[in-house]
Protein chains: 2
Amino acid sequence: MDQPQTDTGRAEEAQGDARDKTPRTERGRRTLRKLLDAAAVEFGERGFHEASISAITRRAGTALGSFYTYFDSKEEIFQALVRYMSEQLRDHVTPLVQAAPDEISAERIGLESYLGFVREHKEIYRIIDEAEFVDYASYRSHYETTVARVRQRLENGAARGEIRGDVSEIHAWAIGGMNVFLGMRYGLWDTESDISEIAAIANDLLANGLKKRD
Amino acid sequence: MDQPQTDTGRAEEAQGDARDKTPRTERGRRTLRKLLDAAAVEFGERGFHEASISAITRRAGTALGSFYTYFDSKEEIFQALVRYMSEQLRDHVTPLVQAAPDEISAERIGLESYLGFVREHKEIYRIIDEAEFVDYASYRSHYETTVARVRQRLENGAARGEIRGDVSEIHAWAIGGMNVFLGMRYGLWDTESDISEIAAIANDLLANGLKKRD
């Protein structure tokens, strides 16, 4: 396929498969973000197969050439979008979690902020889940990265003596799954319930288990 | 579309959209199961869009007409397959869970038998997850039905005084998500780990939470 002309006047950057497509200017970074935000709406509404590059640039309000400055194909922007959403989620949750007074509270705040993120970005489920079929490596990497963060929090909390010392990867996957399913049920499907109440109930289960109370 | 001839000699049953396609003979039930088992392999290996009805009947070793005795389309057998896999899972897990001495053990046995089922039926993730895109109602119904069973177990356990009394739908979704993610990580991706050890560790988290031990 012929390499389309870019509209940035830096066509020399757009040559070759391994070209570095990282924007070097603030204007470039802004265009890239516009394309990714537009891609989230387009893939979220129409799914990977129905989505088109021209609809993405139309939604982004950029020239078609801008697309090819940063991406070679629909597959490539989809892959970048999965990473972008994964990072947006991390950037939303991490500062709130880091400000928590202890690890148990951190998990409550993490879940509550995740539920809030899902309500604001409902397309996240469809996009991440479609990655299972479009780009399995991105799908798996999203979950492995997310769960690795949970595991790190658990280990830090255990080292500070706030929770049991034997926490492992298994606990981290259990918590990750809990959060993703609660997000689907109470973030995506049900947008009425009080998310801080849901996070508090799930957090109490995590903190104390199913043990009978006095 | 012309209604294809069936190979059962009961073509009169095959008329109309709302026709009852439930097999009435043991031979019919066997053919239907063969078609569904073949569909699980075909959809599991090739995905919905690449899969074909003729490949399903070839894998099943049945005539093409048999397919149309029971299904009108690829969509229809896919929908039936999601329900079939959901029921196979239930039939695998339920008797083991019901034989458990108490609710905490039931959740451990439920998870362990689920992990075992996933290792034997790896296609279950791809098929259920693809339902999100092919037939959302089936996707949602699979999880709602599965979680409703967890909730019933929790409520029964609470009524028997084996666990805390305030268990709710939120606890059931948390446990459902835990199990699905542990199944992906340790049933689908990692087939080496000891599933009874994983189930025991996750069950201890569920029973006692993250509380520090003495």
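Things to note:
- With Rh defined as the Kirkwood radius, the inverse of the mean 1/r over Cα pairs, the Rg/Rh of the protein assembly as shown is 1.02.
- Relative contact order computed over the stretch B:64-214 (Cα-Cα under 8 Å; 6+ residues apart), in percent: 27
- Using alpha-carbon coordinates, inclination of helix A:195-208 to the longest axis of chain A, degrees: 50
- Accessible surface of the stretch B:156-210, 1.4 Å probe: 45 percent of it comes from carbon and sulfur atoms.
- By the rule of a C-alpha distance below 30 Å, with chain neighbours fewer than 8 residues away ignored, the lysines paired with B:Lys212 are A:Lys211, A:Lys212.
- On the basis of the beta-carbon distance and an R0 of 60 Å, B:Glu26 and A:Ala63 show a calculated FRET efficiency of 0.35.
- Extension reserve of the B:Glu87-B:Trp189 stretch, reckoned as 0.36 nm per residue once the Cα distance is removed: 34.4 nm
- Under a 5 Å amide H cut-off, with hydrogens placed 1.01 Å from N, B:Ile163 pairs with B:Ala158 among residues at least 5 apart or on other chains.
- Between this copy and the others, label points of A:Pro95 are 5.7 nm apart in ascending order, each placed 7 angstrom from Cα in the Cβ direction.
- A Gaussian network model of chain A, with springs between Cα atoms under 10 Å, assigns the largest mean-square fluctuation among A:Arg27, A:Arg140, A:Arg59 to A:Arg27.
- At least 40 Å² of accessible area lost relative to the chain alone, listed for the stretch A:187-214 with a 1.4 Å probe: A:Trp189, A:Ile201, A:Leu205, A:Leu206, A:Asn208, A:Leu210, A:Lys211, A:Lys212
- Helix B:136-159 vs. chain B, principal-axis angle (Cα, 0 to 90°, nearest 10): 40
- Solvent-accessible area per residue for the protein assembly as shown (1.4 angstrom probe, square angstrom): 46
- Angle in degrees between helix B:74-98 and the longest Cα principal axis of chain B, rounded to the nearest 10: 40
- For the stretch B:77-208, the Cα gyration tensor yields ellipsoid semi-axes of 24, 18, 12 Å (square root of five times each eigenvalue, largest first, whole Å).
- Calculated label separations, B:Thr145, copies of the chain, 7 Å along the beta-carbon direction, nm: 3.6
- The distance from the alpha carbon centre of the stretch A:80-125 to that of the stretch B:72-111 is 32 Å, rounded to a whole number.
- Hits among lysines - C-alpha to C-alpha of B:Lys34 under 23 Å, sequence gap 8 or more where chains match: B:Lys21, B:Lys74, B:Lys122
- Other copies of A:Glu192: label-to-label distances in nm, shortest first, labels 7 Å along the beta-carbon direction: 5.0
The values are calculated or read from the model by the stated rules, or taken from the named source; none is laboratory data. This is a predicted model, so every value here is computed, not measured. Don't worry about glycine lacking a Cβ; one is built from the backbone with ideal geometry, like all the others, and counts go over all protein chains shown. Side chains included, ligands, DNA and RNA excluded: accessible areas come from the protein's heavy atoms. Shrake-Rupley method; radii C 1.70, N 1.55, O 1.52, S 1.80 Å.
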